[in-house]
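The block underneath contains the structure these notes are about, expressed in structure tokens.
The values are calculated or read from the model by the stated rules, or taken from the named source; none is laboratory data. Treat the numbers as computed from the prediction; the structure is a model and nothing was measured. Positions of Cβ are backbone-derived with ideal geometry, glycine not excepted, and every protein chain shown enters the neighbour counts.
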Amino acid sequence: MTSRNPHRLPTVKQLQYFVALAEVGHFGRAADHCFVSQSAFSTAIQELEALLEVQLVDRTNRRVAITATGTEIATLARLCLSDIGALVETARSTGKPLHGTLRLGIIPTIAPFVLPKVLPAIRKEFPELTLLLTEDITTQLRAGLSDGQLDAAIIALPFDLPGLEHQRLFRDRFLLAARRDTELVDPKNFRINRLNEGSVLLLRDGHCMREHALEACRIRDSRALTNFSATSLLTLIEMVDADLGLTFLPEMAVDSALLEHTQIELHPLRENQFRDVGIAWRRGSARVSEFKMLGEFIAEHRHCVP
């Protein structure tokens with residue numbers, strides 16, 4: 001094996017091609033995605049392998065398989081491309097905050113309550129900002145931030161965020177949600193430690209709001225939980241509306257379109273149970289000031305009427 005030339009570096013185009021191949025898993029489709037012929041695309045990948053002196057793609061099978069080293073390289077390539085993109089946006093937006101493209105993740109227990117209120121205000125205040133939104137659970141957003149597929153994410157705290165930084169934006173109290181005239185609970189005279197067996201509905205494992213509700217509302221007796229859980233926020237609301245159980249919804253759900261045309265009522269809890277909402281980003285990002293500005297803008301306008 002020849003010695004590596006420290007002065008030769010991969011080109012941006014080579015990195016873009018390889019990331020596309022890693023994501024699509026097919027030379028032809030990846031080439032089409034990059035608007036280049038398959039032969040030119042294959043040549044660029046081969047040149048990248050020769051430059052790095054490592055096999056990135058296993059070509060022995062009918063399907064393209066990225067090698068273990070190739071998977072690591074693809075993650076690093078995404079981060080390099082993300083930083084290059086941030087460099088370009090910074091240069092273009094000198095004196096123009098929140099300008100260009102920003103890939104923002106948001107969890108599904110925040111998105112339907114906040115986005116309809118803040119997006120019109122964001123478009124009006126920052127007309128040159130293009131927000132590319134991704135809605136997913138926190139673990140997936142964390143992975144997207146770490147490998148460079150996302151720039152920032154709106155999440156609920158606390159949550160373990162290795163390699164990331166975050167800023168708390170506002171506190172979101174939990175409220176008791178139950179169907180009007182339900183016999184499962186007396187909303188005005190109930191105690192969390194005296195809930196009926198099998199009366200509490202929650203989202204399934206993987207949604208951080210489940211863990212936040214359990215912890216914040218201090219539900220210690222698992223017998224209070226139903227034997228099944230909702231796969232989405234909409235399903236959870238429909239189950240409560242059908243009087244199949246009660247649940248705990250964030251305060252931002254008040255006046256939400258998701259509760260329109262339901263018989264669900266929200267009731268304050270005796271103690272101050274809550275989750276924190278924050279914005280997270282990759283440590284070392286060049287756009288930290290923009291992320292903080294966006295987060296503060298969202299916090300300020302989350303109650304706006306669209």
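The C-beta contact set for region 133-157 (first residue touching a residue at least 24 places away in the same chain (Cβ under 8 Å), second residue assigned to a loop (DSSP other than H, G, I, E, B) and acidic (Asp, Glu), distance under 9 angstrom, 6+ apart or interchain) comprises Arg142/Asp160; Gly144/Asp136; Leu145/Asp151; Ala153/Asp136.
Every residue, every condition in (1) of a type in the set (S, T, N, Q); (2) touching a helix residue (DSSP H, G or I) at 6+ places or on another chain (Cβ under 9 Å); (3) loosely packed, with under 13 Cβ neighbours inside 10 Å; (4) modelled with pLDDT under 90, yes or no:
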residue	(1), (2), (3), (4)
Met1	no, no, yes, yes
Arg4	no, yes, yes, yes
Ala20	no, yes, no, yes
Ala31	no, yes, no, yes
Phe35	no, no, yes, yes
Ile45	no, yes, no, no
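So if I check each of Glu290, Glu238, Glu265, which one is modelled with pLDDT of 90 or more, assigned to a strand (DSSP E or B) and not aliphatic (A, V, I, L, M)? Before you say what the answer is, go through the steps one by one.
Numbers: Glu290 fails: assigned to a strand (DSSP E or B); Glu238 fails: assigned to a strand (DSSP E or B).
None of the other options fit; the residue is Glu265.
Restricting region 241-261 to residues that are part of a loop (DSSP other than H, G, I, E, B) and touching a residue at least 40 places away in the same chain (Cβ under 8 Å) leaves a set whose member that is surrounded by the most Cβ atoms within 10 Å (Cβ to Cβ) is Gly245. Of the residues Ala253, Ala216, the single one that is of a type in the set (Gly, Ala, Ser) and modelled with pLDDT of 90 or more is Ala253. Residues that are surrounded by fewer than 13 Cβ atoms within 10 Å (Cβ to Cβ), closer than 24 Å to Glu183 by Cα and within 23 Å of the chain's Cα centre (by Cα) do occur in region 228-239, at least one of them.
The set of residues from region 293-306 being outside any helix (DSSP H, G or I) and surrounded by fewer than 18 Cβ atoms within 10 Å (Cβ to Cβ) comprises His303, Cys304, Val305, Pro306. I'm checking my understanding of the structure. Among residues of region 140-197 that are modelled with pLDDT of 90 or more, in a loop (DSSP other than H, G, I, E, B) and not assigned by TED's automatic domain parsing to the domain that holds Glu211, which one is farthest from Pro108 (Cα to Cα)? Restricting to residues being modelled with pLDDT of 90 or more, in a loop (DSSP other than H, G, I, E, B) and not assigned by TED's automatic domain parsing to the domain that holds Glu211, the top hit is Asp151. Does region 118-135 contain any residue that is within 29 Å of Gln273 (Cα to Cα) and crowded, with 18+ Cβ neighbours inside 10 Å? Within region 118-135 (the criterion being within 29 Å of Gln273 (Cα to Cα) and crowded, with 18+ Cβ neighbours inside 10 Å), the answer is yes, since at least one residue qualifies. Only a single criterion out of (1) in contact with a Leu (Cβ under 9 Å, 6 or more places away or on another chain); (2) surrounded by 18 or more Cβ atoms within 10 Å (Cβ to Cβ); (3) polar (S, T, N, Q) is not satisfied by Thr101, namely (2).
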